[in-house]
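Read-outs throughout are calculated quantities, based only on the coordinates presented, and are distinct from any laboratory measurement. On a predicted model such as this, the values are computed, not experimentally measured, just so you know. Neighbour counts are summed over all protein chains in view; Cβ atoms, including those assigned to glycine, are modelled from backbone coordinates with ideal geometry.
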Amino acid sequence: MKKLIPIAIIIIILIGIFKWGVGLNNTMVEKQETAKTQWANVESAYQRRADLIPNLVNTVKGYASHEKETLEGVIEARANATKTTIDPTNVTPEQMAAFQESQNSLTGALSKLMVVVEKYPDLKANQNFLELQSQLEGTENRINVERNRYNELAKDYNIYVRKFPASIIASILKFDPLVLFQGTEGSDKAPTVDFN
């Protein structure tokens, strides 16, 4: 009977370690899946923007058909942005930078389009255009909110998998940190405004 006590203690300790490891694993899975779901929300917001663009371009084309280069630039940037997709659990910083660059190119093309629109008062007064412009502005805000939410959830997950003792289980089970969205280069500097 005395010989069974050490074996029972070892078994209890092993069961405790197993339950502890399972608990850490389950928490990492939960946090990772929550961040992945939020990433899907980011992609959905970007997709909404991409879906609005053809209608916006067609509306502008009706008033500013000779602005062909700008319109084609928007269409090309949209095509590039929609073909760049990534898996947030298996992404490198370079892939995230490429994704952000394609989205930033689309944002730039849309900005050029809005500058062109300023030349056409009839277009700026068109109800369909105004509605599309409003939806696009709302979508841009939603994209920013969804990216910020993703960063918060990814940060929470990253901290969890890097803290000891969870980092041991994370490295064994290949729970790698998630890559975060970064600000666009130069966005930390205020633009120069000159009214002269």
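Points worth noting:
- In the chain, a dipole from Cβ-located charges (positive for Lys and Arg, negative for Asp and Glu) runs towards its positive end, and of 153, 56, 22 it is 22 whose Cα lies farthest in that direction.
- For the chain, with +1 on Lys and Arg beta carbons and -1 on Asp and Glu, the positive-most of 85, 170, 103 along the dipole: 170
- Cross-link partners of residue 61 among lysines, defined as those whose alpha carbon lies under 18 angstrom from its own and excluding same-chain residues fewer than eight positions apart: 112, 119, 124.
- Cβ-based exposure ranking for 181, 18, 175, in which fewest neighbours within 10 Å come first: 18, 181, 175
- Inter-site label distance for residue 131 and residue 58 at 7 Å from Cα along Cβ, in nm: 1.3 nm
- Structure-derived mean projected area of the Cα convex hull in nm² - corresponding label in (i) 9.8; (ii) 15.1; (iii) 12.9: (ii)
- For segment 4-172, the Cβ-based charge dipole about the Cα centre amounts to some 460 debye (Lys, Arg positive; Asp, Glu negative; other atoms uncharged).
- Helix-only mean residue ellipticity at 222 nm for the chain, each DSSP H run of n ≥ 4 adding -39500 (n - 2.57), per residue, nearest 500: -27000 deg cm²/dmol
- Relative contact order (%) - criterion: Cα under 8 Å, at least six apart; region: the chain: 31 percent
- Angle between the chain longest axis and helix 4-63 axis [Cα atoms, degrees, rounded to 10]: 10 degrees
- Distance from the C-alpha centroid of segment 133-151 to that of segment 45-99: 15 Å, rounded to the whole angstrom.
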